[in-house]
1. For the chain, compute Rh as the Kirkwood radius over C-alpha pairs and then the Stokes-Einstein diffusion coefficient at 4 °C and 1.567 mPa s; write the answer in µm²/s, rounded to an integer.
2. For His109 and Lys58, calculate 0.36 nm times their separation in residues minus their Cα-Cα distance, and state this gained length in nm to one decimal.
3. Given Cβ point charges of +1 (Lys, Arg) and -1 (Asp, Glu) and nothing else, what value in debye, to the nearest 20, does the dipole of the chain about its Cα centre take?
4. For Asp145 paired with Lys74, estimate the spin-label separation in nm (one decimal), with each label point 7 Å from Cα along the Cα-to-Cβ line.
5. Return the distance in nm (one decimal) between the two label points of a simple spin-label model at Arg12 and Asp41, each offset 7 Å from Cα along Cα→Cβ.
6. Can you show me the helix-derived [θ] at 222 nm for the chain, built from DSSP H runs with n ≥ 4 at -39,500 (n - 2.57) apiece and divided by the number of residues, rounded to the nearest 500.
7. Once both labels are modelled 7 Å past Cα along the beta-carbon direction, what's the Ile158-Arg138 spacing in nm?
8. In percent, what relative contact order does the chain have, based on Cα pairs under 8 Å that are 6 or more apart in sequence?
Amino acid sequence: MSWNNDHTPTVRIKADTGYQNDMEYMARKLANSGFDDLAGDILQDKSRMDVNIKIAVKKAAKDEVESAKDLVRKRQYHSKSGYVGHGNLVNTIKDSYSKGGLTADIAPHAESKDGYEYGQAFEFGLKSKNYPAQHPMRDSGRSLDVNKYADEALKNSIKK
């Protein structure tokens, strides 16, 4: 049986940029109503938000990498078998970003000597051996508080 590496456990953080159209629409309406100063303020806030949303994605991804690494350490290095890890899996958990910086993927990239991804086996388990699923990526992704990062981006973008 050949191993299928198409299911690498990945946490994806993706920014929603729907605010851009809303803010541009609001600025146009204000400008058309004679409130050019307010329209300009909104467009400046939008520009700051464009920068801060990418910063928020980066911060969330960095925190997700650390959270996933912590879960792997706890679950791998404290197994019933007494296995002591060497950091191969932990050290391969990395973040990668889309060209625009609005999406981050966090995933392990450790391969075993048999050619399958160890991160995939650790996440989902192996049927051929008594190797249960550990789900560090799923659990770390679920515990990520994305609202915290979004709130910070908004707070740093909107001037009073």
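Only the coordinates and a few stated rules stand behind these numbers; no lab work does. This structure is a prediction, so every number in the text was calculated from the model and none was measured. Methodologically, a virtual Cβ is constructed for each residue, glycine included, from the backbone with ideal geometry; neighbour enumeration extends over all protein chains shown.
1. Values: Rh = 18.1 Å.
My calculation gives 72 µm²/s for D.
2. Details: separation 51, 0.36 × 51 = 18.36 nm, distance 1.94 nm.
Taking 0.36 nm per residue and subtracting the Cα distance, the gain is 16.4 nm.
3. Working: 26 positive and 23 negative charges, 97 e Å.
Here the chain has a charge dipole of around 460 debye.
4. Here the modelled spin labels are 1.6 nm apart.
5. The modelled label-to-label distance comes out at 3.8 nm.
6. On the way: 5 runs with 83 residues, N = 160.
Helix-only estimate at 222 nm: -17500 deg cm²/dmol.
7. About 3.7 nm separates the two model spin labels.
8. Working: 208 pairs, mean separation 50.8, N = 160.
Relative contact order, the chain: 32 percent.
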